[in-house]
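The values are calculated or read from the model by the stated rules, or taken from the named source; none is laboratory data. Keep in mind that this is a model prediction, so the values were computed, not measured. Here the Cβ positions follow ideal geometry from the backbone for every residue, glycine too, while neighbour counts run over all protein chains shown.
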Amino acid sequence: MQVERHDTAAEAIRLRFGDDPLDTLRQRLARVNDRIAAACRRVGRDPADVRLLPITKTVPAEILRLAHQAGMSAFGENKVQEAVAKHAVLSDLPVSWSVVGHLQTNKARFLSGFASEFHALDSLRLADLLDRFFGAAGRTLDIYVQVNTSGEQSKYGLPPADLLPFLDGLARFRSLRPRGLMTLAVLHPDLARVRPCFALLRSLRDRARAHHPGIAELSMGMSGDFEAAIEEGADVVRVGRSLFGERPTPAGHYWPGEPVELGPLQ
């Protein structure tokens, strides 16, 4: 039975990454970097100003080891339990880890053992817990405040009107370093429906940093829309499918709301 499970896992990896996973990852990374550069050129931006954060949820640790060989030096995880397990297996690699999904307060203590960034802060109670745990560990945590720019009730994130008071409240936390804002745009194949979410986040950032200079970066854009996000000002793009292929679980398992068909990978 153990051999059968191993064979099944190996076959799943082969189907997702081909017979030469390292070569597959190198090719996919090169394509994504080319798309980032092209999007930057269209709006007169320097590609060096846009950071790619590979999103590695459901990707086995052995593939992440190859991803590091292919040139990826940062991984973003949605679920804390999955991140902790992978970090333990890959602790010998010089990579940074980010948590990009909603975090329950009872999981906050785990982040101080591995995370350098958190891209989904929308609660001062959670901020207080993270500040305590990171302070006790003698570490700091870069944070991106999540804003619900689509107005969907199924999504986490602050209402835009609550952002400035929230940022005021963050000032007392010494172990948290606010770096910018994050959003999940509406999941839709029509980018004309998606762009307003990115434009709104950029406008909120521009207003916020007049009083909070540390709020400088925009974490927005995923595999289906990261080029539009870059054109609208994204500094960090969170890309999973275009690097690691289709996940074995539907989008709704990780993101609240109804799954939306985003079309084939490019």
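For the stretch 224-254, enumerate the residues that are under 15 Å from residue 77 (Cα atoms) and either at pLDDT 95 or above or part of a loop (DSSP other than H, G, I, E, B) (or both). Steps first, please.
Here is the first cut: in the stretch 224-254, the ones under 15 Å from residue 77 (Cα atoms) are 236-241, 243-244, 247, 249, 251, 253-254.
Matches in the stretch 224-254: 236, 237, 238, 239, 240, 241, 243, 244, 247, 249, 254.
Only a single item in (1) in contact with a Phe, Trp or Tyr (Cβ under 6 Å, 6 or more places away or on another chain); (2) farther than 22 Å from residue 139 by Cβ; (3) in a helix (DSSP H, G or I) is not met by residue 59, and it is number (3).
Can you tell me which residue is nearest to residue 90 (Cα to Cα) among those in the stretch 114-143 that are of a type in the set (Gly, Ala, Ser) and part of a strand (DSSP E or B)? Explain how you work it out, then say what you get.
Within the stretch 114-143, the subset of a type in the set (Gly, Ala, Ser) is 115-116, 120, 123, 127, 135-138.
In the following step, the residues that additionally are part of a strand (DSSP E or B) were identified as 115-116, 120.
On the way: 115: 13, 116: 15, 120: 24 Å.
The extreme case among them is 115.
Per the listing 88, 67, 83, the residue uniquely in a helix (DSSP H, G or I) and within 16 Å of residue 119 (Cα to Cα) is 83.
One line per residue, one yes/no per condition, for (1) more than 25 Å from residue 154 (Cα to Cα); (2) small (Gly, Ala, Ser); (3) free of Cβ contacts under 8 Å to residues at least 12 places away in the same chain; (4) surrounded by fewer than 20 Cβ atoms within 10 Å (Cβ to Cβ):
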residue	(1), (2), (3), (4)
48	yes, yes, yes, yes
89	yes, no, no, yes
92	yes, no, yes, yes
101	no, yes, no, no
113	yes, yes, no, yes
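Give the stretch 75-85 a look and list any residue that's among the charged types (D, E, K, R), closer than 21 Å to residue 140 by Cα and surrounded by fewer than 21 Cβ atoms within 10 Å (Cβ to Cβ), or say none. Please lay out each step first, then the result.
Initial filter on the stretch 75-85 (among the charged types (D, E, K, R)): 77, 79, 82.
Restricting the remaining residues to those that are closer than 21 Å to residue 140 by Cα gives 77, 79.
The one that is among the charged types (D, E, K, R), closer than 21 Å to residue 140 by Cα and surrounded by fewer than 21 Cβ atoms within 10 Å (Cβ to Cβ): 79.
Scanning the stretch 222-231 for residues that are surrounded by 23 or more Cβ atoms within 10 Å (Cβ to Cβ) and under 12 Å from residue 202 (Cβ atoms) turns up 229, 230. In the stretch 27-45, the residues that are over 12 Å from residue 244 (Cα atoms) reach residues that are outside any helix (DSSP H, G or I) with C-beta atoms within less than 6 angstrom, at least six apart or across chains, in these pairs: 36/50. For residue 143, the conditions (1) touching a Phe, Trp or Tyr at 6+ places or on another chain (Cβ under 6 Å); (2) closer than 28 Å to residue 15 by Cβ all hold with the exception of (2).
Could you look through the stretch 131-155, keep only residues that are touching a residue at least 60 places away in the same chain (Cβ under 8 Å) and touching a strand residue (DSSP E or B) at 6+ places or on another chain (Cβ under 6 Å), and pick out the one that is surrounded by the most Cβ atoms within 10 Å (Cβ to Cβ)? Steps first, please.
Looking only at the stretch 131-155, we keep the residues that are touching a residue at least 60 places away in the same chain (Cβ under 8 Å), and these are 144-145, 152, 154-155.
Now drop any that are not touching a strand residue (DSSP E or B) at 6+ places or on another chain (Cβ under 6 Å), which leaves 144-145.
Values: 144: 25, 145: 28.
Ranking the qualifying residues of the stretch 131-155, first place goes to 145.
Let's see how each residue does on (1) touching a Gly at 6+ places or on another chain (Cβ under 8 Å); (2) farther than 18 Å from residue 105 by Cα:
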position	(1), (2)
131	no, no
137	yes, no
188	no, yes
191	no, yes
206	no, yes
210	no, yes
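For the stretch 14-34, a residue qualifies if it is closer than 18 Å to residue 55 by Cβ, out of contact with any helix residue (DSSP H, G or I) (no Cβ under 6 Å at 6 or more places or on another chain) and either basic (Lys, Arg) or modelled with pLDDT under 95 (or both), and the qualifying residues are 16, 31.
This table checks each residue for (1) within 16 Å of the chain's Cα centre (by Cα); (2) at pLDDT 95 or above; (3) loosely packed, with under 14 Cβ neighbours inside 10 Å.
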position: 68; (1), (2), (3): no, yes, no
position: 73; (1), (2), (3): yes, yes, yes
position: 109; (1), (2), (3): no, yes, no
position: 116; (1), (2), (3): yes, yes, no
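Do we have any residue at all in the stretch 163-176 that's more than 28 Å from residue 125 (Cα to Cα), of a type outside the set (Phe, Trp, Tyr), surrounded by fewer than 22 Cβ atoms within 10 Å (Cβ to Cβ) and modelled with pLDDT of 95 or more?
Narrowing the stretch 163-176 to residues more than 28 Å from residue 125 (Cα to Cα): none.
Looking for residues that are more than 28 Å from residue 125 (Cα to Cα), of a type outside the set (Phe, Trp, Tyr), surrounded by fewer than 22 Cβ atoms within 10 Å (Cβ to Cβ) and modelled with pLDDT of 95 or more, one finds none in the stretch 163-176, hence no.
Residue 39 meets all of the listed conditions (1) small (Gly, Ala, Ser); (2) surrounded by 17 or more Cβ atoms within 10 Å (Cβ to Cβ); (3) not in a helix (DSSP H, G or I) but one, namely (3).
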